[in-house]
Amino acid sequence: MTSLASTIVEEIKPIGHSSIPAKVGLALLLAALADWLFYGQRIGLSLTLFAIALAGVSALSNHAALNLRRAMIGAAILVAGLVPVIEELNALSFLILVASLTIALLLVTNAEATGLADRIRALRNFVLLGPFRFFLDAPQVFDATAFTRGIALWLLPAALSTVFVALFAAANPVIEQWVSLLNPKLIFEYVSIPRVLFWTMMLALIWPFIHVRWRRKKIAVAAEAAAVEPPPLPPFVSPEFFGPSTILRSLILFNLLFAAQSVLDGIYLWGHVALPDNMTYAAYAHRGAYPLIVTALLAAAFVLVVMRPGGPAEKSKVIRPLVYVWVGQNVLLVASSILRLDLYVDIYMLTYWRIAAFIWMGLVALGLVLIVARIALDRSNEWLVGVNLIALAIVLYGCSLVNFDAFIADYNVAHSKEASGKGVQLDTNYLLSLGPQALPAIDKAIELLTKAKESDLSARGYCLVSRRDRLVEQQRQDLAWRSWGFRNWRLGHRLDTQATNRPAG
């Protein structure tokens, strides 16, 4: 028989997880009682009442360790400690009460401490370490429990929902007003920090009496126990953190949030209902276009991750329809972004960046549709990336054939305040920065400005004439054979046609 080498260890009684929720509830009730008895009040008889309640709840929480004889002795010690406090509360009577409470608790719940030295050591550890037990026990209390699993299931949905709400608040003034009601500064106006600290302190003092743990006697352990292979470390991320249950909760929350945003866009953008005070449609459109595109991109990334081929959510009969609905809402979100940008451009004119935004939004919408196609056709992510790259290449090739300089210039002149009577004044500096391709539009602008009745507009027109000559010279240089281009040739032909058709005088 293998001989046993005795190893001296100290064993601490493990936490009983099944009774923890009840103990936490009792501790909170006692903290509430302490708040009612002590906070902002003069202390006297209230301390006696609290000590009796604490002793009663402690006995209830640790009834398994109760023994009638020891319980009677502990009750007698507690009564003896209450008498001085009832007589008068001062420093000495308070210390006597604390001593009587701890000694009574030791006698009732720690039958193994029989010698004087053991009891003194146990009381010392209780007084010195007890107030910190509340903070030290918290990770163990909630480890591998239903509470932790619940947090894991809701952590990702809550975090991403917060991000989406923040983006929606940046895009929608109505949602921004709703979110402002949850401003932490407003919450802190109704929460007293000193009171929170008081509750924390009381819970730290109450918890050792509710969840009693004493250091046990030293015991012998077989040497072979040390050779037992330790259990494997838990995974860095819980499987439940990104499992089907988490994904399902996320999609339900996201669909509700996006539905609220879509309804508001339907009311204000498509239905033209009056906006909140101090908010124009142009500002509403401008602030919303780009945050909503970021939202759609985040949504697309989430769908790609959760609906990866072979993943736990791909074959789910519940998750797949929710994904389709959510992607559809994202496509609607992109459509709203395009409408917002169109409303903004209708007032504040067109620029290269705004054209790029239109093209980008269209690509995002196409990407979302292709994500649905990948899921429905059971294709790989490589297929999705390939199709998107093909679409991007086609768009870029098409853009290379479009004369954006002329298009922007013609649009801005035709939609300027000088031409249409609404919008903003024509930005002649930006018009000139577009280069020679803007010359036909510049000629129209000069005609509009020089014929205007207002003297300031006429002055802007004559100033534009002098600056136009530089572009004409640049255009003539572009027609040289070394710098010839079909677009420049077409521009020259267009200018000649305009000069021929322009009435004399």
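Only the coordinates and a few stated rules stand behind these numbers; no lab work does. Quantities reported herein were computed from a predicted structural model and do not represent experimental measurements. Using ideal geometry, Cβ is built from the backbone for each residue, glycine included, and neighbour counts are taken over all protein chains shown.
In table form, for the structure just shown:
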read-out	value
Theoretical gain in end-to-end length, residue 36 to residue 430 [0.36 nm per residue, Cα-Cα removed]	134.9 nm
Taking 23, 422, 417 and counting other C-beta atoms within 10 Å, the order from fewest to most	422, 417, 23
Likely footprinting exposure, 433, 93, 250, fewest C-beta neighbours within 10 Å first	433, 93, 250
Inter-site label distance for residue 318 and residue 377 at 7 Å from Cα along Cβ, in nm	3.0 nm
Whole-angstrom gap from the range 39-111 to the range 290-309, using each part's C-alpha centre	59 Å
Approximate spin-label separation residue 69-residue 490, in nm, with each point projected 7 Å along Cα-to-Cβ	10.8 nm
Neighbour-count order for 94, 258, fewest beta carbons within 10 angstrom listed first	94, 258
